[in-house]
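**Q** My questions all concern the structure below.
Computed from the coordinates by the stated procedures, all read-outs in this text should not be read as laboratory data. Note that the structure is predicted; figures quoted are calculated from it, not measured. All Cβ positions, glycine included, derive from the backbone under ideal geometry; neighbour counts span all protein chains shown.
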Amino acid sequence: MRSLADRKYGFIYAIILVALVLIFRAAQLQLFSGEYREQAQKTTLEKKLIYPSRGLIIDRNGKTMVYNKPIYVIYATYRKIDPKMDTTFFCSLLNISKETFITNLNKDWKSQQFHKSIPFVFLNKVSPEQFAFFQEHMYKFPGFYAEERSIRGYPHHNASHALGYLGEVDKNIVDNSDGKYISGDFIGKTGLEIAYEQELSGIKGINYILKDNLGRKVGSYDNGRLDSMALPGEDIQISLDLDLQAYADSLMMNKKGGLVAIEPSTGQILAMVSAPTYDPNMLSLDENRNFGMQRLLLDTINRPLNNRAVTNRYPPGSIFKPILSLIAMQKGVAWPGKGGVCHGGYRLSGSKVIKCHHHAAITGISSAIQYSCNTYFCGMMRDLLDMYSYKKPGIGLDTIVSHLRDFGLGSKLGLDFSYENKGFIPTSEFYDHVYRREVTGWRSAWIISLGIGQGEMQLTTVQMANLAAILANRGYFYTPHFIRKYISGKPIPEEFTTKRRVRIDSKYFEPVIDGLEQVVLAGTARVANVEGLEICGKTGTSQNSHGKDHSVFFGFAPKTNPKIAIAVFIENAGWGGDWAAPISSLMIEKYLNKNIAPSRKYLEDKMFKGLINPLLFDLATAE
């Protein structure tokens with residue numbers, strides 16, 4: 001009897017043990033395992049996202065530069081698809097191949113990403129025209145439905161580099177977005193689209209829809225208490241002047257280089273061109289996007305996707321001389337009336353000479369700038385480098401560099417943009433490394449060409465334009481930026497309204513600015529003179545060891561209470577007065593006078609038709 005009782009209790013214990021295991025496993029699946037809980041929830045609830053409209057972008061005068069246009073995404077629910085559907089007719093409606101149909105429909109059903117009862121993206125970027133054909137017959141294809149989304153449209157062909165473009169999110173963005181983005185979403189990739197992605201993108205809304213075990217919609221879950229509305233993105237007004245931008249694009253056509261115009265009193269960017277450019281509609285997220293992107297990427301001669309205005313760095317050439325003059329006066333090695341003698345060049349050693357052109361006698365810094373005397377500025381640079389000791393030019397160089405940092409050189413200015421190159425300003429540490437094999441160290445004569453904007457010094461076009469703005473303001477600048485205001489009234493970031501001063505006494509600016517005015521009136525930039533506008537500027541011819549020299553100009557106008565500062569850099573175009581100076585003056589005249597004087601129409605026509613490089617092909621106007 002005892003043996004029978006023991007066996008009975010053993011059987012009971014076994015049943016209890018099995019029951020506990022089953023209960024534990026059920027709890028694990030239903031309570032603790034997110035995978036199965038999510039899977040179960042997916043078969044009862046459909047989380048339908050409501051996409052917000054992306055914020056509009058308008059120019060400083062209220063003209064629309066970027067708007068939203070509809071595009072459709074086709075979703076599929078695998079279990080609802082009729083296996084006997086007419087796939088040939090279906091594919092013809094959406095203009096896709098049978099192979100695309102099969103590929104887009106077959107998913108990795110074992111992964112957590114897809115479920116046969118859950119809708120997934122079958123096809124995106126369906127145009128409204130294509131969708132119109134499909135919509136008429138959509139009832140014939142159970143398991144498929146469409147959702148309207150928005151992509152970017154551009155009513156004008158300008159400012160492609162500044163505006164940027166959208167693209168689909170990649171896995172890395174999805175994984176690091178804390179749920180903000182899912183596969184198939186669009187995000188800013190370049191330009192202002194990515195710089196203001198947070199503001200422009202808005203916030204998605206959610207509708208929770210209750211479904212039965214067959215995946216059929218039953219109604220709103222919990223009477224919609226968990227639903228949320230989509231919040232549209234911020235509309236922003238940017239600082240670009242569309243008319244001026246379009247004019248700049250035309251002037252830079254068939255050329256290679258950068259142009260940046262700034263309002264000195266605010267730091268707002270009025271125009272920015274990277275040439276060659278392209279029509280922004282080429283990269284709109286429609287059915288032609290792949291063709292447009294491929295065309296741009298394969299253009300290795302023009303490299304139109306490269307933003308030369310903020311990415312490429314160049315030797316500034318003679319436009320650096322006014323900045324050097326300010327530092328020299330501040331450090332006491334030069335003064336406004338300091339004259340000089342030029343014998344056709346600055347002799348370094350032996351037969352090595354930095355040449356200078358023939359000009360009148362130098363009576364002070366103003367005339368040295370007017371005639372752009374290489375001899376004068378090489379001597380000025382040497383005095384600065386050797387101001388502590390001729391044996392320790394590195395200390396002098398780093399003193400110069402310290403002031404150049406104030407001018408925003410050698411570091412990023414902080415534009416509200418997707419990418420900005422910081423340029424390059426060599427320091428004593430750099431030259432210590434370059435000349436590390438020299439027992440006696442290096443001397444000022446070895447780097448004297450920095451004084452005329454050559455050598456290892458490199459700036460971006462936007463940095464050059466900002467130098468012009470600092471001169472216009474007599475010693476301060478606001479970080480160059482595109483944002484002008486949020487339409488909602490939200491304040492713009494404080495860094496764009498904070499005045500940044502350079503450590504140069506204001507009294508030293510006038511002789512430099514007088515010299516810049518004389519450059520235009522009776523110097524190397526006479527072609528840039530416009531009666532009544534008081535244009536102040538400086539030409540530069542940036543030496544190029546790989547081909548024809550580069551044409552450079554920076555300036556501002558009017559001399560008193562300046563309204564515009566500008567820099568233009570044209571690659572392989574020769575003298576600064578040949579191309580960069582006339583383009584700059586036409587931009588200034590267009591902005592201040594709204595039109596070009598009849599007497600200067602010949603110059604405008606020359607700049608429009610000018611073909612610096614016959615291999616260039618401007619995709620902004622290409623058909």
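**Q** Going by average Cβ neighbours within 10 Å, how do the peptides 471-480, 256-265 rank, with the highest at the top?
**A** Listed from highest to lowest mean packing, they are 256-265, 471-480.
**Q** Starting from the Cα coordinates of segment 242-609, work out the convex hull volume and express it per residue in Å³.
**A** Convex hull of Cα atoms, per residue: 156 Å³.
**Q** Right, another one. Could you give the DSSP H helices of the chain that reach 30 angstrom or more along their long axis (alpha carbon positions) and whose average Kyte-Doolittle hydropathy is no lower than 0.0?
**A** 2-27
**Q** Let me ask something else about it. Taking amide hydrogens as modeled 1.01 Å from N in the peptide plane, which residues meet the under 5 Å criterion relative to residue 267, leaving out close sequence neighbours?
**A** For residue 267, whose amide H was placed from the backbone, the distant partners under 5 Å are 478.
**Q** Does segment 202-350 come out rounded, prolate or oblate by the C-alpha gyration tensor, with a ≥ b ≥ c the root eigenvalues, rounded set by a/c under 1.5 and, if not, prolate when a/b is larger than b/c and oblate if not?
**A** prolate
**Q** Rounded, prolate or oblate for segment 335-405? Axes are the square roots of the Cα gyration tensor eigenvalues, ordered a ≥ b ≥ c, and the cut-off for rounded is a/c under 1.5. Walk me through the numbers on the way to the answer.
**A** Numbers: a/c = 2.34, a/b = 1.39, b/c = 1.68.
Taking the square roots of the gyration eigenvalues as a ≥ b ≥ c, segment 335-405 is oblate.
**Q** When only DSSP loop residues count, what GluC sites (Glu not before Pro) in segment 412-449 have their Cβ near at most 14 other Cβ atoms within 10 Å?
**A** 438
**Q** Also, I was wondering about something else. Which residues' amide hydrogens lie under 5 Å from the amide hydrogen of residue 50, considering only partners 5 or more residues apart or on another chain, with H built in the peptide plane?
**A** 205, 206, 207
**Q** Give the share of C-alpha pairs in each 5 angstrom bin for segment 405-473, from 0 to the last occupied bin, in whole percents, shortest bins first.
**A** Pair shares across the bins are 3, 14, 22, 21, 15, 12, 8, 4, 2, 0.
**Q** Between residue 360 and residue 490, what is the spin-label point distance in nm, taking each point 7 Å from the Cα along the Cα→C-beta axis?
**A** With each label point 7 Å from Cα toward Cβ, the separation is 5.7 nm.
**Q** Then there is this: For segment 346-495, build the convex hull from the C-alpha positions and give me its volume per residue in Å³.
**A** 150
**Q** Further, regarding this structure: May I ask for the distance between the Cα centers of segment 488-539 and segment 409-450, given as a whole number of Å?
**A** 25
**Q** Treat each spin label as a single point 7 Å out from the Cα along the C-beta direction, and report the residue 168 to residue 497 distance in nm.
**A** Once both label points are built, they end up 4.1 nm from each other.
**Q** First measure r as the distance between the Cβ atoms of residue 331 and residue 563, then evaluate 1/(1 + (r/R0)^6) with R0 = 22 Å and state the FRET efficiency to the nearest 0.05. Walk me through the intermediate numbers first.
**A** On the way: r = 32 Å, r/R0 = 1.45.
With R0 = 22 Å, the Cβ-Cβ based efficiency is 0.10.
**Q** A further question follows. For segment 395-439, run through the trypsin sites (Lys or Arg not before Pro) and keep only the ones in DSSP coil with at most 13 other Cβ atoms within 10 Å of their Cβ.
**A** Of the trypsin sites (Lys or Arg not before Pro), the ones in loops of segment 395-439 whose Cβ has at most 13 other Cβ atoms within 10 Å are 436, 437.
**Q** Further question on the same structure: I need 375, 461 ordered by Cβ neighbour count within 10 Å, fewest first.
**A** Listed from fewest to most nearby Cβ atoms, that is 375, 461.
**Q** Would you pull out the residues with amide H under 5 Å of residue 125's amide H, same chain only if 5 or more places away, H placed 1.01 Å from N?
**A** 72
**Q** Using a Cα-Cα cut-off of under 27 Å, which lysines could be cross-linked to residue 355, ignoring same-chain neighbours fewer than 8 residues away?
**A** Answer for residue 355, where 27 Å is the Cα cut-off: 321, 331, 338, 391, 392, 538, 548, listed by chain and number.
**Q** Then there's this: So if I take the centroid of the Cα atoms in segment 317-341 and the same for segment 344-369, what is the distance between those two points in Å?
**A** 14
**Q** For segment 500-506, what does the Karplus curve 6.51 cos²θ - 1.76 cosθ + 1.60, with θ = phi - 60°, yield as ³J(HN,Hα) per residue in whole Hz, taken in order and with x for Gly and Pro?
**A** 10, 9, 9, 8, 10, 4, 4
**Q** Please arrange 157, 343 by how many other C-beta atoms lie within 10 Å of their C-beta, fewest to most.
**A** Ranked by crowding around the Cβ, least crowded first: 343, 157.
**Q** Can you tell me how much longer the chain between residue 49 and residue 68 gets when fully stretched, taken as 0.36 nm per residue apart minus their C-alpha distance, in nm with one decimal?
**A** Working: separation 19, 0.36 × 19 = 6.84 nm, distance 1.84 nm.
That works out to 5.0 nm of additional length.
**Q** Work out the length of the dipole vector of the chain about its Cα centre, built from +1 on the beta-carbon of each Lys and Arg and -1 on the beta-carbon of each Asp and Glu, and round it to the nearest 20 debye.
**A** Numbers: 73 positive and 60 negative charges, 238 e Å.
With only Lys, Arg, Asp and Glu charged at Cβ, the dipole is about 1140 debye.
**Q** Within 10 Å, count the other beta carbons around each residue, average over each peptide in 299-307, 515-523, and list them highest first.
**A** So the order, starting with the most tightly packed, is 515-523, 299-307.
**Q** At a temperature of 37 °C and a viscosity of 0.692 mPa s, determine how fast the chain diffuses translationally according to Stokes-Einstein, using the Kirkwood radius over alpha-carbon pairs as Rh; express D in µm²/s, rounded to the nearest whole number.
**A** It comes out at roughly 115 µm²/s.
**Q** Per DSSP H run of n ≥ 4, the term is -39500 (n - 2.57); total these for the chain, divide by its residue number, and report the mean residue ellipticity at 222 nm rounded to 500 deg cm²/dmol.
**A** The per-residue figure over the chain is -9500 deg cm²/dmol.
**Q** Which ³J(HN,Hα) values in Hz, rounded to whole numbers, follow from the phi angles of segment 257-270 under the Karplus curve 6.51 cos²θ - 1.76 cosθ + 1.60, where θ = phi - 60° and Gly and Pro get x?
**A** My calculation for segment 257-270 gives x, x, 9, 9, 10, 10, 7, x, 5, 10, x, 6, 7, 8 Hz in order.
**Q** Here's another thing I want to ask about it. Taking the Cα of residue 353, stepping 7 Å toward and past its beta carbon, and measuring to each backbone N in segment 365-394: which are under 20 Å?
**A** Zone members listed by number: 371-382.
**Q** Still on this structure, please answer the following. Straight-line reach from residue 69: which lysines have a Cα under 28 Å away, not including same-chain ones fewer than 8 places off?
**A** In chain and number order, the partners are 47, 48, 125, 140, 171, 180, 189, 204, 485, 490.
**Q** What percent of all Cα-Cα pairs in segment 499-576 falls into each 10 Å bin, going from 0 up to the bin containing the maximum distance?
**A** Over segment 499-576, the share of Cα pairs per 10 Å bin runs 18, 42, 29, 10, 0 percent.
**Q** Right, another one. What is the spin-label model distance, in nm, from residue 297 to residue 246 if the labels are put 7 Å beyond Cα along the C-beta direction?
**A** 3.2
**Q** What order do you get for 418, 585, 542 when you list them from fewest to most C-beta neighbours inside 10 Å?
**A** Working: 418 18, 585 28, 542 25.
Fewest to most other Cβ atoms nearby, the residues stand as 418, 542, 585.
**Q** Also, I was wondering about something else. Figure the gain on full extension for residue 121 and residue 599 (residue separation times 0.36 nm, minus the Cα-Cα span) and round it to one decimal in nm.
**A** 166.0 nm
**Q** Rg/Rh for segment 481-530 to two decimals, with Rh computed the Kirkwood way over all alpha-carbon pairs.
**A** Ratio of gyration radius to Kirkwood radius: 1.25.
**Q** Taking the mean number of other Cβ atoms within 10 Å as a proxy for protection, how do you rank 95-105, 494-504 from highest to lowest?
**A** 494-504, 95-105
**Q** Hey, what does the equivalent ellipsoid look like for segment 264-411, semi-axes from the Cα gyration tensor as sqrt of 5 times each eigenvalue, largest first, whole Å?
**A** One finds semi-axes of 43, 18, 16 Å for segment 264-411.
**Q** Turning to a different aspect of this structure: P(r) for segment 486-616: what percent of alpha-carbon pairs falls in each 10 Å bin, starting at zero?
**A** 12, 35, 29, 18, 6, 0
**Q** Ok, one more. Just check segment 270-321 against the gyration tensor rule for me: Cα atoms, a ≥ b ≥ c as the square roots of the eigenvalues, rounded for a/c under 1.5, and otherwise prolate or oblate depending on whether a/b exceeds b/c.
**A** Values: a/c = 4.45, a/b = 2.34, b/c = 1.90.
Note, shape of segment 270-321 comes out prolate.
**Q** Using only alpha carbon pairs under 8 Å that are at least six residues apart, calculate the relative contact order of segment 242-609 and give it in whole percent.
**A** For segment 242-609, the relative contact order is 21 percent.
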